[in-house]
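Inspection log for the structure reproduced underneath, given as structure tokens.
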Amino acid sequence: MSVQAIDVAGVSRPSNDLRPWDAAIAEPTISVVIPTLNEAANLPHVFDRLPPAIDEIVIVDGHSIDDTIAVARMLRPDVRIVLQDGRGKGNALACGFAAARGDIIVMLDADGSTDPAEIPLFVEALLAGHDFAKGSRFADGGGSADITGVRRLGNRGLSLLVNVLFRTRYSDLCYGYNAFWRHCLPHLHVTCSGFEVETLINIRVARSRLAVAEVPSIEYERLHGESNLNAVRDGLRVLRTIVTERLRRRRAMRHPEAWRPAFRELA
């Protein structure tokens with residue numbers, strides 16, 4: 001698979017224009033942030049496919065009532081368990097980002113729909129000079145065995161709207177498989193709670209004029225359990241996020257750490 005550089009102004013950016021990654025980091029450490037809610041049955045598959053180069057796994061649990069935490073600790077004794085301070089995927093990711101210690105942070109789903117074996121492709125894009133590596137099911141080499149016709153159509157329309165309003169060239173707006181250097185965190189400023197978080201992040205990355213690469217990715221069906229995603233409800237939340245971000249004025253970061261939520265890490 002290849003990685004396509006995308007400029008936020010809508011023009012492919014030559015590789016010699018990309019900013020180099022921090023040369024002071026000889027071997028960047030990698031943290032994987034995984035939000036969970038009753039995912040005990042799926043974690044063995046997800047953990048088994050994690051590359052050996054991963055330095056840290058941060059499970060952000062939404063107060064599961066199954067054995068999610070016990071299974072995670074059995075599979076990986078060094079896993080870090082964080083309890084989110086609110087509800088929803090957006091809040092879970094924000095808590096995981098605040099807890100993560102790695103130079104590179106990867107967003108990964110716990111249901112088996114995103115393949116951990118693709119992580120090296122995202123890391124490769126970051127090492128090539130990009131700030132943010134964005135997964136895409138619709139880039140050449142990508143695909144999905146899970147998306148419905150309604151969700152595909154909605155994603156296409158919302159992606160087009162963002163591309164027009166923010167002068168981007170995103171092929172897949174609503175996909176949660178991403179990786180980025182930790183210096184991106186103040187720019188992401190994750191303040192939402194639900195599945196609109198991917199859209200919020202993609203827009204704020206673009207508005208911050210960070211170097212973005214799309215990485216082709218294959219989405220699989222959820223292994224066990226039921227998704228909490230609702231196409232209509234969450235589609236409307238995404239649309240509201242797009243409009244809100246378009247109306248929001250760009251401002252310099254006065255408090256770069258203001259986005260950090262409270263969280264509790266289990267010993």
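Here are some conditions: (1) within 18 Å of Ala133 (Cα to Cα); (2) outside any loop (DSSP other than H, G, I, E, B); (3) not small (Gly, Ala, Ser). Val164 meets all but one. Which one does it not meet?
Here Val164 clears every test but (1).
Residues that are crowded, with 21+ Cβ neighbours inside 10 Å and closer than 24 Å to Pro120 by Cβ: does the range 80-92 have at least one?
No, the range 80-92 has no match at all.
Check Leu158, Leu200, Leu236, Leu188 and return the single one that is over 22 Å from Ala94 (Cα atoms) and either free of Cβ contacts under 8 Å to residues at least 60 places away in the same chain or surrounded by 17 or more Cβ atoms within 10 Å (Cβ to Cβ) (or both).
Numbers: Leu200 fails: over 22 Å from Ala94 (Cα atoms); Leu236 fails: over 22 Å from Ala94 (Cα atoms); Leu188 fails: over 22 Å from Ala94 (Cα atoms).
Answer to the selection: Leu158.
Would you point out the residue of the range 81-114, among those that are out of contact with any Gly (no Cβ under 9 Å at 6 or more places or on another chain) and aliphatic (A, V, I, L, M), that is nearest to Asp131 (Cα to Cα)?
Once the filter is applied, the top-ranked residue is Ile104.
Using the structure shown, decide if Leu43 is crowded, with 20+ Cβ neighbours inside 10 Å and within 16 Å of the chain's Cα centre (by Cα).
no
So which residues in the range 196-221 are among the charged types (D, E, K, R), part of a helix (DSSP H, G or I) and more than 14 Å from the chain's Cα centre (by Cα), if there are any at all?
Of the residues in the range 196-221, the ones among the charged types (D, E, K, R) are 196, 198, 204, 207, 209, 214, 219, 221.
Next, from what is left, pick out any that are part of a helix (DSSP H, G or I): 198, 204, 207.
Residue satisfying the conditions is Arg207 alone.
For a quick check of your reading of the model, give me the residue pairs whose first member lies in the range 80-108 and is part of a loop (DSSP other than H, G, I, E, B), whose second is modelled with pLDDT under 95 and of a type in the set (Val, Ile, Thr), with beta-carbon atoms closer than 6 Å and at least 6 apart or on different chains.
Close Cβ pairs satisfying both conditions: Asp103/Ile25.
Pick out the one residue from Ala117, Ala145, Ala128, Ala100 that is farther than 21 Å from Val243 by Cβ and touching a strand residue (DSSP E or B) at 6+ places or on another chain (Cβ under 6 Å).
It is Ala100.
Within the group Gly90, Gly112, which residue is under 16 Å from Ala40 (Cβ atoms) and at pLDDT below 95? Write out each step before concluding.
On the way: Gly90 fails: under 16 Å from Ala40 (Cβ atoms).
Selected residue: Gly112, the only one of Gly90, Gly112 that is under 16 Å from Ala40 (Cβ atoms) and at pLDDT below 95.
Just one of the numbered conditions (1) modelled with pLDDT of 90 or more; (2) among the charged types (D, E, K, R); (3) under 24 Å from Ile34 (Cβ atoms) is not true of Asp140; which one?
The one condition Asp140 does not meet is (3).
Tell me whether the range 174-190 contains one or more residues that are charged (D, E, K, R) and within 28 Å of Asp55 (Cα to Cα).
Let us first name the residues in the range 174-190 that are charged (D, E, K, R), namely 182.
In the following step, the residues that additionally are within 28 Å of Asp55 (Cα to Cα) were identified as 182.
There is at least one residue in the range 174-190 that is charged (D, E, K, R) and within 28 Å of Asp55 (Cα to Cα).
Would you confirm whether or not the range 249-260 contains a residue that is closer than 21 Å to Val123 by Cα and of a type in the set (Asp, Glu)? Show your work before the answer.
Step one: list which residues in the range 249-260 are closer than 21 Å to Val123 by Cα, which gives none.
For the range 249-260, residues closer than 21 Å to Val123 by Cα and of a type in the set (Asp, Glu): absent.
Quick check on Val150: is it hydrophobic (A, V, I, L, M, F, W, C), modelled with pLDDT of 95 or more and in a helix (DSSP H, G or I)?
On the way: hydrophobic (A, V, I, L, M, F, W, C): yes; modelled with pLDDT of 95 or more: no; in a helix (DSSP H, G or I): yes.
In short, no.
Among the candidates Asp140, Asp172, which residue alone is part of a loop (DSSP other than H, G, I, E, B) and closer than 24 Å to Asn91 by Cα?
Details: Asp140 fails: closer than 24 Å to Asn91 by Cα.
Of the residues listed, the single one that is part of a loop (DSSP other than H, G, I, E, B) and closer than 24 Å to Asn91 by Cα is Asp172.
The values are calculated or read from the model by the stated rules, or taken from the named source; none is laboratory data. Just so it is clear, the structure is predicted and the values come from calculations on it, not from any experiment. Glycine gets a Cβ as well: all are built from the backbone with ideal geometry, and neighbour counts include every protein chain shown.
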